[in-house]
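Notes to accompany the following structure.
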């Protein structure tokens, strides 16, 4: 790189726009410094997961360019080694560009190019950020490629394992509580009974469906537009470059990547990433439902439902001694609300651009990373700090079940809807178990009534007449 040292704590760097002073100890160059000076919108740099993915792309590009004979072996190795070190977390403080920057992510791409070039230069190699590190690439294909690599790796390494863990914890509790019967609720009102295994099983099924939807979406996200360069035509890239990079990334990460069939789509449209955001939104919807169910079930302990007790993790009030709140479901629900908002932002970003390039790529990267992190962390917290340790209050479940007038539904096939309704209304008005009132008003004997109104049998559905 063309660099001139100066006195003091700065040095002079040059790019196509001229000379610029850069901190003497910075590994970046002039283009990164210009971006650092220009963008002060959030004070938050690009996420570490994106930097890692971008570095992995740079390492793979160097390997392929070396194999194609476009880079000499020493220079290719120097770039690959520097990029691999960055992907491993080295030099993390050398990526200062604000996440609200140029919409193509050019500033972040050049940040990576310049840091890699400086690290390689420190190892004794003459490496240029544009001519060598960025060889065969444009920010326009490298950044959307890095976003997809980031998303696939975050899903494989964090999100999907957390989802699977939560589903297994729910399944374990459901199995242990399989014979525990409770009052069901529709419209927040008493309904027919079900087991806790059935209630927990619905949560598990939601998560299983979410996992399947995510897996299907990731099949499209793993198609990388690398090799499309500036607008999708592949100008200045070797014809084998894109496929080679996808293959090298697969080998380096263990994930299965491939070059997109149509690189124009991967630059101009980010529909697969919007789809992924939509699946994260759907997962957030499912998790908020589970979190709110737990909050209702835990409500009380005296004046609410009081069906379960969540683990007591901290005092719940600064003024009311002894109060304990459902803090993990509350935290999870807030995270889910944030994910829903992030999806709206990604949806706007996905349609933002004209013709051959989307120009909200950094926003898509940051919001996907935040959403995946919130959901992964939230699911592990819900599993380990709430569901795994919750205690069932069997006495409250039994008491509510005994007084549930809706049990009379099972008598419909025998005595008819209207007669059953009269029994239910009387039982509710008098605060008596439906079995006692049915003995007096149904004309059925006690043995038949006990069989028809057995809550455990009613959880199996069907006709019990």
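The values are calculated or read from the model by the stated rules, or taken from the named source; none is laboratory data. Please read all numbers here as calculations on a predicted model, not as lab measurements. When we count neighbours, we look across all protein chains shown, and the Cβ atoms used for this are built from the backbone with ideal geometry, even at glycine.
Residues in segment 195-225 that are more than 24 Å from residue 278 (Cβ to Cβ), crowded, with 21+ Cβ neighbours inside 10 Å and in contact with a strand residue (DSSP E or B) (Cβ under 8 Å, 6 or more places away or on another chain): 196 alone.
Kindly establish whether residue 327 is modelled with pLDDT of 95 or more, surrounded by 16 or more Cβ atoms within 10 Å (Cβ to Cβ) and assigned by TED's automatic domain parsing to the domain that holds residue 204. Criteria met by residue 327. Screening the candidates 16, 6 for the property of being out of contact with any strand residue (DSSP E or B) (no Cβ under 8 Å at 6 or more places or on another chain), surrounded by fewer than 20 Cβ atoms within 10 Å (Cβ to Cβ) and modelled with pLDDT under 95 yields one hit, 16. At least 3 residues being closer than 30 Å to residue 433 by Cα is the threshold, and among the helices (runs of 4 or more DSSP H) wholly inside segment 96-192 those reaching it are 160-176. Being more than 21 Å from residue 176 (Cα to Cα) and surrounded by fewer than 17 Cβ atoms within 10 Å (Cβ to Cβ) is the requirement here; does residue 450 meet it? Yes: the conditions hold for residue 450. Regarding segment 62-81, can at least one residue be identified that is outside any helix (DSSP H, G or I), touching a strand residue (DSSP E or B) at 6+ places or on another chain (Cβ under 6 Å) and more than 22 Å from residue 151 (Cβ to Cβ)? Within segment 62-81, none of the residues are outside any helix (DSSP H, G or I), touching a strand residue (DSSP E or B) at 6+ places or on another chain (Cβ under 6 Å) and more than 22 Å from residue 151 (Cβ to Cβ). Is there a residue in segment 307-314 that is in a helix (DSSP H, G or I) and in contact with a strand residue (DSSP E or B) (Cβ under 7 Å, 6 or more places away or on another chain)? No, segment 307-314 has no match at all. The condition (being farther than 22 Å from residue 366 by Cα and surrounded by fewer than 16 Cβ atoms within 10 Å (Cβ to Cβ)) is satisfied by just one residue among 286, 312: 312. Filtered by the rule that a residue be surrounded by fewer than 24 Cβ atoms within 10 Å (Cβ to Cβ) and without any contact (Cβ under 8 Å) to a residue 60 or more places away in the chain, segment 107-133 gives 122, 123, 124, 125, 126, 130, 131. Across segment 250-262, the qualifying residues are those that are more than 22 Å from the chain's Cα centre (by Cα) and under 10 Å from residue 145 (Cβ atoms), and the one among them that is surrounded by the most Cβ atoms within 10 Å (Cβ to Cβ) is 260.
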